[in-house]
């Protein structure tokens, strides 16, 4: 445990969590503050657990596969559940549409089958797609049987289609952007330039077909659904930040103060729904001030630096995905977002670093044994 406290990333995560703890002292709503502290506890706990429990390299792959399995179960249940509602309960119907199904709002109801907000579900699946791509490459290099490789490709296609159906704009854009950058880098450094170039050309076509095929996504993009709401919430939040810029309102008072501001501005929808800022960076600054935001930015840069040092593409992808999704969602205000963040930071940065160091030690010892024999 003492060794863990010397790891820079763990130090920053503990500092970030401690800021929420300290903010209890100036939060008027102490009950909400303690609830937030409990919700965010995995940010401090999971990295320490992954550092100390001594997982092996095979456990790393098993955890990745377990995550894929979880996503597959969640998507399958959602599809079966909505199919049951349509066929048996005669719900989500529209006689004038294909098969009499309300395809316009199919995407809206799909994630609700497992009580999961579409942006989070999409973020999970985009990450799953990149993990599957990694596993495919891992198996391909080792020349495993074609059945496993085919299964990975089918799962990638399945998750891509499902993610498009969820119609979450930010996650889709993040996925396309990360894929485009990855393919561009691969095009520069790889020998398989024709295949990579073909995939790069294919991407805009896939994006266009997704826009044309999914009615709910098309409607959201055409009328920019939710943008006016976000602009109102953002401007209200920024006004509150300007009054408490250094240390913020305190983690327990953000919702209460936002509702008060909504009432002052006659924003009834915000009052009824108790909207958070729908932006991770504004949310942190609102709760912890500039101090909290700077610590969070340091964590992000440390993750990116770690991904370069470890040559861990999955960590880089996860970090960029979480950063981009944080523009339109306050991911660290829900258990769904906090666990996602804590788990992958612990897996890709903490555990992977430990595994690499152990491998280096074993390699050094093996080299010493060989030298001694000679």
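The values are calculated or read from the model by the stated rules, or taken from the named source; none is laboratory data. All values reported here derive from a predicted model rather than from experimental measurement. Don't worry about glycine lacking a Cβ; one is built from the backbone with ideal geometry, like all the others, and counts go over all protein chains shown.
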In this structure, is residue 185 within 16 Å of residue 319 (Cβ to Cβ) and either without any contact (Cβ under 8 Å) to a residue 40 or more places away in the chain or not assigned by TED's automatic domain parsing to the domain that holds residue 79 (or both)? yes
Only listed residue being modelled with pLDDT of 95 or more, surrounded by fewer than 17 Cβ atoms within 10 Å (Cβ to Cβ) and either more than 30 Å from residue 233 (Cβ to Cβ) or out of contact with any helix residue (DSSP H, G or I) (no Cβ under 8 Å at 6 or more places or on another chain) (or both), chosen from 308, 297, 339: 297
Give, as residue ranges, the helices (runs of 4 or more DSSP H) completely inside region 30-118 that count at least 1 residues that are surrounded by fewer than 18 Cβ atoms within 10 Å (Cβ to Cβ), over 23 Å from the mean Cα position of the chain (by Cα) and modelled with pLDDT of 90 or more. 30-39, 57-87
Residue within region 145-158 that is part of a loop (DSSP other than H, G, I, E, B) and surrounded by fewer than 18 Cβ atoms within 10 Å (Cβ to Cβ) present: yes
For region 221-235, does any single residue satisfy the condition of being within 17 Å of residue 334 (Cα to Cα) and free of Cβ contacts under 8 Å to residues at least 60 places away in the same chain? no
